[in-house]
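All of the numbers you see were taken from the coordinates with simple rules; none came from a lab. Since the model is a prediction, treat every value here as computed from it, not as a measurement. Backbone-built Cβ (ideal geometry, glycine too); neighbour counts: all protein chains shown.
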Amino acid sequence: MLVSTEVVVVNLLDRIDQRLSDTRARINPHDFEDCATSLLSLIHPGLVPITGGSDFGLDAEITEDSRITGLIITSSRSWDGAKRSLRDSLRSMRKNHIPVQRVVAVNLAEANRSKREKLKDIAKEFDCELVQVFDRAWFANQFRENPDWRRKILDIEGGPFSFSRQPRGARPDEQQLSTIGRNALIAEVNGSNSDVTLFGVPGVGKSHVASKLDGALFLERHPTPERLLDDLIETKPALVVVDDSGARLQDVDLLLQLRDAEKLNYRIVATCWPHETDRVADHLPNSLQFEVDLLTREELGAILRERGITRLAVIVRLLTQADGRPAWALNLADLLIHQNDWTSVWTGNALRKQIFAFLRMSNASEDAIDVLGTLALLGRVNDDQLRRLADLLQIRQPELIRLIRSVAIAGLVDVQDHKRYNHETQQIEHTQTYRIQPHIIAASVASEIYFSGTASPVRLRDVQDTFPELAADIMQIQIYTKLLGATHPRVPTTGELIAVLPASTKGVELLRSFGQLGPEQSQAVVDIYLARVTTALNAGDPTTAESEAKLLAARVADAVEDNIPGVVSTFVQALSVLEDADRDIKPAVKELVEEVRNARSGDQPQLAGLLKLVEALQTVPNAELIDTVWAALTCEILAPTFDGNYMNPEVLHQFILQSFTWPAAHMETLYDAIRPELATRAPGLTPAAQLTLIALLEKWVRIANGWDLPFGGKTNNAQVKAGKRIATSIANTLAPVITTPGVRFRFNQAASTLKIRLDEPDKLFAALTHEREHLTAYDVIMRRKEAALDKALAPFQQQAPAVLMDWLKAHEPELATAGQMTTGAWQVFARLAYQPDPEPIKWLTVAIDHGIAGSASALINVCARTDQLTHAIADRLLADPNGRHGVISAVIGQSTNSALIQRVVDQLAPRDVQQLESAFALKDALEPTRHALFTHPSDEVRGTAAALWAAEWAYDTDPMPADPDWLNAMKSYTIPENSRHDHMHTQALNALAKASPKVFIELFIKHATTTMRSSYRDFDEWKEPVRLLAPAERDKLWQQVRETELARELFWVIAGNDTDWITGTVSEPTFNISVRNLLGALQFQFGHRYPLDTLATMLRPLRPEPDDLLHTLEVGTFTGEDHERYAAKLDNLRDLANSDDEDIALLGQRGIEIYEPLLKEALVKARRAAVRGTRDY
C-alpha cells in the first residue's frame, strides 16, 4: 500500500510565500488594487485611487509638491505579466495624452535589481521615469503585519507571529539594496559560530547587514514566551536578530533562556549603538563584536548611482551630509527622487531632523543638546578651551565632557588627538580637539539651537567675547546658517568680516561664503581682494599679488553666476594693475573662465555662464578694459577645447583628467556673441594683443583641420565646419591690421592651412624666418635657405657694416616674436663668415660696437682660425659679457697664435673654464694651449681645465692621449661647492681613478676634509669612480679618513655598495663608529638601500640592536600611503621571521611586533580619510 505524506506548512512567513508562489491560487485583481492603494497611502498620504473605466492606464495618482506620480498596479505574479502590465498601461496613458512623467510600479512578481532596471527601461521607452517598484517581497512583509488584507487577498488565517524577514520600518526595496562595502563583514559574521553583536553609529546600516545574513529572521518587539517558543520550534531559524538591542535587553534574555531550556541551536545577532556594547555584552556573554563601519565616499557614491543619482555635484552634497552612513544617504536620495525636496536636502534641514530625532530616541538631555549646538557654533575647541566653555554654559568641566560624549554617540563629534613635542620637558604632549562634522551639519545644528527664534543657551555676544580667538570660526558658522536658510540668522557686517580676516587662517572660505550672501557682500569681497592685489604689488610681492588675483577671479565667477553687476569691472581693474606691473595676467583670467564654465565639478561645462561673462564685459567702458586685458579674456572665453580636471571627491587623492570641446552649435553661439567686439577692436590692437588672438586662432585652426583632440578625442563634421567658419573669420579680421614682421610671421604660421597668407616685404626678415617645407629633405631645405639669405644680405654687403648691425638691433624684438631671438643674428653672421671673401674682422668690429658680439661666434671662430684676431679685438671681446665666452672658446679650441693664446689664458677666471664644458673646446686644443692651461697660476683654472679635458675624451671612442702636465693639474681640481651632479665631473674622476689611484685618494681626502660653508658635503660625483679602486686601495683610503669628522658619511661612499668590504671593515678591532651613528649617516639614509637581512648580516660584527636596524625602514624617501608602506614592510618582515638564521628570524619577529599595530592604526586613518574624503578629520 502506498502512503503519501503531505508537509503541513505552519510557519506564517512560509505560508505567505507559498501562496504568493502558487499560480493555482487565484488573487482577485480588484481586491489587490484596493489593498495596494490602502497600504501605499500610509507611505504616500497624497495618494488618490482612480476608479476603473476612467484611468487610461493609471490606477492611482500621488500628488506631492505639486508633482503628480502615476501608480500602475497589477496582481500578476509572473515577471512577464509585470512587464506587460507596465508597457500596456504606459501605452494607454500616452495614447490618451495623460500628462504624467513619473510612475510607480506595483506587482506581485519577484523583482531583483536587474529586473527593476529593465522596468525602468520600459518606462523610458514612453519618456517616463520609473521612480519606485513595490514587489512581492514588500507585500509579503505587509501581509504578515496586516491580517485583514492577508485574509482577504491570500485567504490565510494566522495569529501573532514573532518573526519577520526584514526589520520593522524597512524600506520597500530593502531586499534589493546593494551590499557594497559590506560583503567581507557579512562573510565574516556568516562564518562565525558564536552569538554576534553588530554595533555602529546611527544610520550606518546595522539592520541592513543583519538582513543579509544567511537564514536571519528579525524578532518582533516583546513577543510572549509561549508564542515565541512555538515560532522558534516551527521556523527553526539559523539566526535571530534583535534589532536595537540596547533598548530590548529583555528580548535578548528571553532568547537565551528559551535556547538553553529547549536545547535549540539558533545564534543571536544583536544590533546596537557603540555606547551600548558593554550593556549588550553583559546580557549576551561570549558574543563576538563586529563594528559596522562607515562606508567610504567611493562606496556610498556607488550606492547613490544605483539609486539613479548620477550628477556629481548632487552626489558630493549627499556624501558630505551622509558622512559615511548609507541609511542617511538613501533617505536623502529618496527625498530628491520621490518628493523632489531639494530645499530640505540642500540646506541640511532634512538631515537635521533625523539627527534630533535620534537624540530624542537616545534620551539626550537638554543640556547635552545645548552643548552640541554651542560646539557646532564654535567650530572647534581644544582641551584648554573646554574650561571656558564649561564656565560659559555654567557646567562643571567633567560634566561637560560627559555631555559631549553623550552626543558623540551619533558620530557627529570628531575627537582628534594632536601630538606636540615640548622642548622644555623633552616629552611628547597630547591635546585633543572637538568639532562637529561635517560642516554643513554643524551649521544646521547651530541654526536650530542659536538662530531659530527660540531661546538659546547663551547669548551669541557672550560666546564671541569668551572665545575671541575663534571669532572667524563663529562668523563662518553664522554665514553658513544664513545660507542654509536659518529663520533668525545673525548676518555679520562687512566691517566685522574685515576685523577678523587678519587673524584668520580660513580667510579664503570665509570670503567665499560671505560673498554668497548677496550683491552687497559680493562686491565687498571683490573689493577686499582688489585691495590685497594692490597692496602686495606696492609691497614688492608680485607672487602674492598673482595668487590674490586668482582668488579674486573665483569670487567674480560666483558673482557672474548670480548676475551681480559691477564685480567684473573690479576684476578688470585688478588685471590692469597687474599688467601695469608687468605681471602675467593669464593665470587669473584662466581661473575666472574655468570657474564660470564650471567643468571642474564633474558636470558638463556651462555655456550660459560664459555668455553672462561676455555680457558683463561689454558693460565695462573701453577706457578701463585695455586691449591686452580684453584679448586675454577673449582668448580664454572663446577657446574651443579646454580641460576640466578636478580631484575626485569620492576617491581620496585621485585626479580626474578630462577635456571638452564645445558642440558646433555652442561654438557658433559663443563666437557670435564676441564677434562684434572683435571687429570693433581689431584695428586698434597692439602687437601684443594681436599675438594673443593669434594664439586663439591656432586653437580654432586645429578644430578646422579636424586634428586630434586631447586624450584621443575626435572632432565631428559639424565641429569641423563650425571651426573652419570661425577660424577663417578670425583670420580675416586680423589680417588687414597686422603691420609688424614678427606678428606677420606668427599669423602666417597659424593661418597656413586656411590658405590665408600675408606677404613679408622685408626680404632679410623673410629669409631668416623661412619656414621648413614638409616632405623636403633637410639638405635641400638648408641650401634653399642659405641661398635666400645670401640674396637678402647682398644689398647690405654693398653698404657700410653699421647698416646691417642697425637692422639686427632694430629687429631683435621682431625676431624674438618669430622665435629667432638668438638664431636670427647668428644665421646672418654665419653666412657672412662663409662668404668667398668674408672680411670677418670688419663685420666683427662693428658687431662689437653694436653690442651683438654674443651672436657673432661664427665670425670669432674664423678670425681665430685664420689668425685675424688682434689683441685689441680680443681684449674688447673679453671685456664684453656677451662676447667673452665666444672668444675664449675660439682661441683655446682653434687659434695657433701662441701670444694670443697666452694673452687669453692669462685673463681666464675659474668661471670661464667651467663654461667651456658645453663648448667641447679643450679636447682639440693644441699642446701649447693645454700646457698654458694645465700650468695656469690659478689652482681652480688649471684643475677645472684638466678635468674638462679628461671628461671630453671620455666621450670619445679614442683613448685619452698622455699629457705630462695633466696629472699634476688634476691635483688642483675642486668640484664646485653645492654643484649639481654633473656627469662631466664624474667622468673626470673616473679617468683619474684609473690613471693614478694615489692622486685620486689625495684628491678625495682633500675634498672630504676641506672646510666648506655648507654643513652637508656632496659626494655624488665620487660614488662611481671610488668603485674603480681595488679593495686594498679603498682600505688605504678608509684608514686615512676614519678619524675625520665625516667618517660615518665617508664609510658608505668608500664602501661603494660592496657588502664584503663593509663586513670586513666593521669587523676590524679599530672600527669605532657605533651602529646608531653609522645608520644615521645621510649617505646611508639617502643612498643605496640594502635589504634588511643583508644589512643585518653586514653589520653583525657590531651586534646591532634589532630596533636600530628596523629604524632604517623609516628613513629615506617613500611613496604611497602609510598603510601601503606598512603592509609591504610587514610582508618582508614575515618572510624574515621564517628565516633559518636565528638573528634574522628574531629581527623579523621584532619588526612584526612594531609594524602590525602601526598598520592597524594606519588602516583606520585611511578608512576615515576615505569616508570624509580628506585627511583633515
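In terms of its C-alpha gyration tensor, region 233-293 has a prolate overall shape, because the principal axis ratio a/c (a ≥ b ≥ c, square roots of the eigenvalues) is not below 1.5 and a/b outweighs b/c.
Once C-alpha pairs closer than 8 Å and six or more residues apart are averaged by separation and normalised to the residue number of the chain, the relative contact order reads 5 percent. Report, as a whole number in µm² per second, the diffusion coefficient that Stokes-Einstein gives for region 300-347 at 25 °C and 0.890 mPa s using the Kirkwood radius over alpha carbon pairs. Rounded, D is 239 µm²/s.
Of the trypsin sites (Lys or Arg not before Pro) found in region 903-1011, the ones in coil according to DSSP and having at most 14 other Cβ atoms within 10 Å of their Cβ are Arg980. Using Cβ point charges alone (K and R +1, D and E -1), the dipole size of the chain about the Cα centre works out to roughly 2540 debye.
Over the chain, DSSP H runs of length four or greater, each weighted -39,500 (n - 2.57), average out per residue to a 222 nm ellipticity of -17500 deg cm²/dmol. Sorted largest first, the spans of the alpha carbon positions of region 604-728 along the three principal axes are 48, 33, 25 Å. For region 223-377, the square roots of the Cα gyration tensor eigenvalues, ordered a ≥ b ≥ c, give a/c of at least 1.5 with a/b greater than b/c, which places it in the prolate category.
Taking label points 7 Å from Cα along the Cα-to-Cβ direction, Glu509 and Ser178 give a separation of 2.8 nm. Ranking Val651, His44, Gly602 by how far each Cα lies toward the positive end of the dipole of the chain (charges on Cβ) leaves His44 at the top. A Förster radius of 25 Å, combined with the Cβ-Cβ distance separating Gln426 from Gln394, puts the computed FRET efficiency at roughly 0.05.
Axis angle, to the nearest 10 degrees, between helix 136-145 and the longest C-alpha principal axis of the chain: 40 degrees.
Check each of the chymotrypsin sites (Phe, Trp or Tyr not before Pro) in region 1098-1172 and keep only those in coil by DSSP with at most 16 other C-beta atoms within 10 angstrom; list them in order.
Phe1118
Most simply put, the chain has about 50% antiparallel DSSP beta bridges, counting only bridges with both residues inside it. Relative to the longest principal axis of the Cα atoms of the chain, the long axis of helix 687-705 lies at roughly 60 degrees. Under the rule a/c < 1.5 gives rounded, and otherwise a/b versus b/c splits prolate from oblate, where does region 1123-1172 land using the Cα gyration tensor? Cα axes put region 1123-1172 in the prolate bin. Over region 328-455, Cα pairs under 8 Å with separation of 6+ residues give a relative contact order of 30 percent.
Charges on Cβ only, +1 for Lys and Arg, -1 for Asp and Glu, centred on the Cα centroid of region 234-314; of Val242, Val269, Leu312, which one is farthest towards the dipole's positive end? Highest projection toward the positive end goes to Leu312.
Placing +1 on the Cβ of every Lys and Arg and -1 on the Cβ of every Asp and Glu, with no other charges, gives region 164-293 a dipole of roughly 260 debye about its Cα centre. Between helix 249-262 and the chain there is an angle of about 70 degrees, using the helix long axis and the longest principal axis of the Cα atoms.
If only the Cβ of Lys and Arg carry +1 and only the Cβ of Asp and Glu carry -1, the dipole of region 300-347 around its Cα centre is close to 120 debye. When the Cα positions of Thr1112, Ile156, Leu1163 are compared along the charge dipole of the chain, Ile156 comes out farthest toward the positive end, with charges on each C-beta of Lys, Arg, Asp and Glu. Given region 1024-1167, report the % of alpha carbon pairs whose separation exceeds 24 Å. Of all Cα-Cα distances in region 1024-1167, 37 percent exceed 24 Å. Relative to its residue count, the chain spans a Cα convex hull of 292 Å³ per residue. With semi-axes defined as the square roots of five times the eigenvalues of the C-alpha gyration tensor, the equivalent ellipsoid of region 679-837 measures 34, 20, 12 Å, largest first.
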